[in-house]
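Here is the structure we will look at, set down as C-alpha cells.
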Amino acid sequence: MIRPLLLLAAASLLLGCAQQTLRGTGDLGVVVERATGSVQIIETSHQTRLARIDGLGDLSHASVVFSRDQRYAYVFGRDGGLTKVDLLKQRIDRRVIQGGNSIGGAISQDGALIAVGNYEPGGVKVFDSKTLELVADIPATPLADGSRNSRVVGVIDAPGRRFIYSLFDTDETWLLDFSQGNTPKITRFKNVGKQPYDALLTPDGRYYVAGLFGEDGMAKIDLWHTRRGVERILDGYGRGEQKLPVYKMPHLEGWTVAGNQTFVPAVGQHRVLVMDSQTWKQTDAIDVAGQPIFVMARPDARQIWVNFAHPDNHQVQVIDSETHEIIATLEPGPAVLHMEFTARGDQLWLSVRDGNEVQVWDPYQLKLLKRLPAESPSGIFFSSRAHETGL
C-alpha cells in the first residue's frame, strides 16, 4: 500500500511543478538590445525580466511582430536575419538569413505569412510563419542605371491577407494580395511622391499614408478604393520654414490617430503636425523640444507622448490631445529611443539606450515606477501587437 501512495505523491508533485511553470503570453514582450545582438523577454504584470536570448545578429534597426497566439516573436535584423523566438521556451525556434539588409516586416492577417522588406537585394520576401520556408520573392523596381533594385520601406500588413509597402528610390507603393493563395496579385502605385520613407496604416486598416523624405507632404491610398490611386495630403507643410538637418528619420508607425485627430512628426522641424482624421487637412502645428521621432497616443487618446532625435533625445514631452498644450517635459536619460504602451495603457515602457536601462512609467501620474537594466536597449514590443493591424 505504501508504493501506490508514493507513486500518487510523486505524480501530484510533478503535476504541481507543471502547473507552476505554465503561463500565458498576453503580458509578455521583447526588448531589443542592439549592441549585443540579443533580446530580453519581459512581462508587464510584475515588470520583470524573464530571459535574455543571444545570437540574433545585427539588431541596429530591429523590429518585431508576433504570432496570433502571442507565443512567437519574429525579429527582423539589419543583417537580413529573420529570427523566430519562442517566448515560452525562451529560445530561438528558427532563424534564416534571407537578405543583405532588412528594414522590417509584417505578419499577415491570418498569421500564416511573414513579409520582410529589404534594402539589399531590394524587394520583399514572404515566408511561412511556422517553418520560415520561402513562399514568394518579389524584387523591387530596378534603378534607371540598372545598378540595383530600389530599397523597400514601410512594410505593413493590411486586411484581406495583403501587404503594402513603398519603394524609396523609385517613388512607388506596391500592394501584394495573397487572398487567393501564395502567388500574390500585385498593384503598383507610381509617382506617389519623392522618396517615401516609412508609412502608417490607420487603425481600421483603410488608409495607407507614406511620409515623403524628399519633399514636404505625404501620400495617402484608400485601400477600400485602390482604383482612386494616390492622394497628396499636407502638401507643402513646411513651405516658408527653414528645414533643419535630419539626424534621425521619424517613424511613421509611431504616428497617432486619436479619435478625429491625427498627430504626425514633421520632418526637419521641431513640430508635431495635427490633421483632421476625416478631411486629412492640417489643423495645427505644435512646437516641441526637438525633431520628433515617435508620436504616440496613450490608448485612451488623452495624451500624446513624443521623443526626439539627437541632440534632444534625453527628453520626452507629453501633449494634451484636446488643448494641444505640452503638459510635461520629462528627462528619463540619455538617448530615449523607443516607447511602448501596454495594451490598456496603464504602463509606458521606454528605452534609454545610453543609460543602459528600460524604464516603466505610470502615464497617468507621470511617475517613474521601475528601472530595468538592459544593454543598449532600443525597440520595445509587447505581444498585444499580435492583434493590431498595420504593425
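Rule-based calculations on the coordinates, nothing more; no lab input. If you're wondering where the values come from, they're calculated on a predicted model, not measured in any experiment. Backbone-built Cβ (ideal geometry, glycine too); neighbour counts: all protein chains shown.
Table for the structure above
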| item | result |
| --- | --- |
| Whole-Hz ³J(HN,Hα) from phi, Karplus 6.51 cos²θ - 1.76 cosθ + 1.60, for segment 276-281, glycine and proline x | 6, 6, 9, 8, 6, 9 |
| Förster-model FRET efficiency, 30 Å R0, Asp93 and Asp300, C-beta, rounded to 0.05 | 0.30 |
| Label-point gap, in nm, between Gln278 and Gln180 - each point 7 angstrom along Cα→Cβ | 3.7 |
| Segment 266-376 - Rg and Dmax from Cα coordinates, angstrom | 13.9, 44 |
| Percent RCO, i.e. relative contact order, over segment 98-248, from Cα pairs under 8 Å lying at least 6 residues apart | 13 |
| Segment 321-391: trypsin sites (Lys or Arg not before Pro) in DSSP coil with no more than 14 other Cβ atoms inside 10 Å | Arg344 |
| Proportion of all alpha-carbon pairs of the chain beyond 26 Å (%) | 53 |
| GNM result for the chain, Cα springs below 10 Å: residue of Ser129, Ser63, Ser378 fluctuating most strongly | Ser129 |
| Highest-MSF residue in the chain out of Gly122, Gly193, Gly214 [GNM, Cα springs under 10 Å] | Gly214 |
| Proportion of all alpha-carbon pairs of segment 98-248 beyond 21 Å (%) | 43 |
| Ratio Rg/Rh, restricted to segment 341-391 and using Cα atoms, in which Rh is the Kirkwood radius | 1.01 |
| Pairwise label distance in nanometres, Leu22 with His225, each label 7 Å out on the Cα-Cβ vector | 5.1 |
| DSSP bridge pairs, segment 98-248: antiparallel proportion in percent, nearest 5 | 100 |
| Segment 74-151-segment 315-352 distance, computed between alpha-carbon centres (Å) | 31 |
| Using alpha-carbon coordinates, inclination of helix 2-21 to the longest axis of the chain, degrees | 10 |
| Within the chain, longest stretch clear of exposed GluC sites (Glu not before Pro) (DSSP loop, no more than 10 other Cβ within 10 Å) | 134-324 |
| Built amide H within the under 5 Å cut-off of His338, gap 5+ | Ser351 |
| Mean separation of Cα contacts under 8 Å, 6 or more apart, over the residue count of the chain: relative contact order % | 11 |
| Per-pair calculated FRET efficiency, R0 = 41 Å: Glu133 and Asp354 via Cβ, rounded to 0.05 | 0.55 |
| Calculated [θ] (222 nm, deg cm²/dmol) that DSSP helices of n ≥ 4 give over the chain, each run adding -39,500 (n - 2.57) | -2000 deg cm²/dmol |
| Derived scalar couplings ³J(HN,Hα) [segment 329-337; Karplus, 6.51 cos²θ - 1.76 cosθ + 1.60; whole Hz; x for Gly, Pro] | 10, 9, 10, x, x, x, 6, 6, 9 |
| Cut-off 13 Å, label 7 Å out along Cα→Cβ of Leu369, residues of segment 328-358 by amide N | 340-350 |
| Above-threshold pairs, the threshold being 27 Å between Cα atoms, out of Lys220/Lys367; Lys185/Lys220; Lys130/Lys185; Lys125/Lys190 | Lys220/Lys367 |
